[in-house]
Amino acid sequence: DTEVTQTPKHLVMGMTNKKSLKCEQHMGHRAMYWYKQKAKKPPELMFVYSYEKLSINESVPSRFSPECPNSSLLNLHLHALQPEDSALYLCASSQAAETDTQYFGPGTRLTVL
Amino acid sequence: AQKVTQAQTEISVVEKEDVTLDCVYETRDTTYYLFWYKQPPSGELVFLIRRNSFDEQNEISGRYSWNFQKSTSSFNFTITASQVVDSAVYFCALSEAGGQGAQKLVFGQGTRLTINP
């Protein structure tokens, strides 16, 4: 089973709202990733958690706040977003080795009004 | 710095034609991994293949085949007898160590493949 699930599938929020994106995997993977993808562009890495600790933050603005409550769950808390943050947000997971394959979820399409 | 180039931005062919998607990479590492992912309109990136730098054997999986040539730093992907369901954006990616068990993928810009009936 190589399934990564993400909720919600679609999210519309105002610039003053607080919302969260959720990602879950049950493959026993110990590395989890958040990516942002704009239209017609490749995914851009935002954060990486390895063994439930934040190991990479690609200089993401503080209005995006990641959280890894346990090895199966990854959240992305959103607050005071801007319209340019509208994008597809993808979650991925892999075994915690630097050579392993990342498996992606279906993504959350976020629109900020 | 690592780099992946997919020079073909868009390809459009008629169903049943064969089509090759090009991928050229740059790295100074002697050990590295290359990947191909498919992204259909639904948005999910679907893993297709992983190849390590020590294994230059070509691989075939059904209608899909991959040609890895270290001499030209290329990892090309061919779809034989294309079908409408193959329509998607295809990304080639190169892995680099992110430290502490994390991996960073360097993606190409993607090739949008359209198969017309």
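Consider segment A:39-64. How many of its residues are in a loop (DSSP other than H, G, I, E, B), facing chain B (nearest Cβ under 10 Å) and acidic (D, E)? Selection size over segment A:39-64: 1.
Counting the residues of segment A:92-113 that are over 21 Å from B:V46 (Cβ atoms), of a type outside the set (A, V, I, L, M) and at the interface with another protein chain (Cβ under 7 Å from one of its Cβ atoms) gives 1. Of the numbered criteria (1) surrounded by 12 or more Cβ atoms within 10 Å (Cβ to Cβ); (2) over 24 Å from A:Q37 (Cβ atoms), the one B:W36 fails is (2). On the given criteria, is B:I49 assigned to a strand (DSSP E or B) and surrounded by 16 or more Cβ atoms within 10 Å (Cβ to Cβ)? Spelling it out, B:I49 is indeed assigned to a strand (DSSP E or B) and surrounded by 16 or more Cβ atoms within 10 Å (Cβ to Cβ). In this structure, is A:L21 touching a residue at least 60 places away in the same chain (Cβ under 8 Å), closer than 28 Å to B:L48 by Cα and crowded, with 20+ Cβ neighbours inside 10 Å? It is true that A:L21 is touching a residue at least 60 places away in the same chain (Cβ under 8 Å), closer than 28 Å to B:L48 by Cα and crowded, with 20+ Cβ neighbours inside 10 Å. The set of residues from segment B:40-75 being within 21 Å of B:T114 (Cα to Cα), of a type in the set (S, T, N, Q) and within 11 Å of the chain's Cα centre (by Cα) comprises just one member, B:S65.
Residues of segment A:1-38 that are modelled with pLDDT of 95 or more and assigned to a loop (DSSP other than H, G, I, E, B): A:P8, A:K9, A:K38. Within segment A:65-86, being within 14 Å of chain B (Cβ to nearest Cβ), assigned to a strand (DSSP E or B) and more than 10 Å from the chain's Cα centre (by Cα) holds for one residue alone: A:C68.
Just one residue in the set B:T5, B:T31, B:T20 is surrounded by fewer than 16 Cβ atoms within 10 Å (Cβ to Cβ), β-branched (V, I, T) and touching a Gly at 6+ places or on another chain (Cβ under 7 Å); that residue is B:T5. The single condition among (1) assigned to a strand (DSSP E or B); (2) away from chain B (no Cβ under 11 Å); (3) touching a residue at least 24 places away in the same chain (Cβ under 8 Å); (4) not basic (K, R) that A:Y89 does not satisfy is (2). For segment B:57-86, filtered to residues that are aliphatic (A, V, I, L, M) and assigned to a strand (DSSP E or B), the residue that is modelled with the highest pLDDT is B:I79.
The values are calculated or read from the model by the stated rules, or taken from the named source; none is laboratory data. Not measured: the values here are computed from a predicted model. Cβ coordinates were reconstructed from backbone atoms using ideal geometry, including for glycine residues, and neighbour counts include every protein chain displayed.
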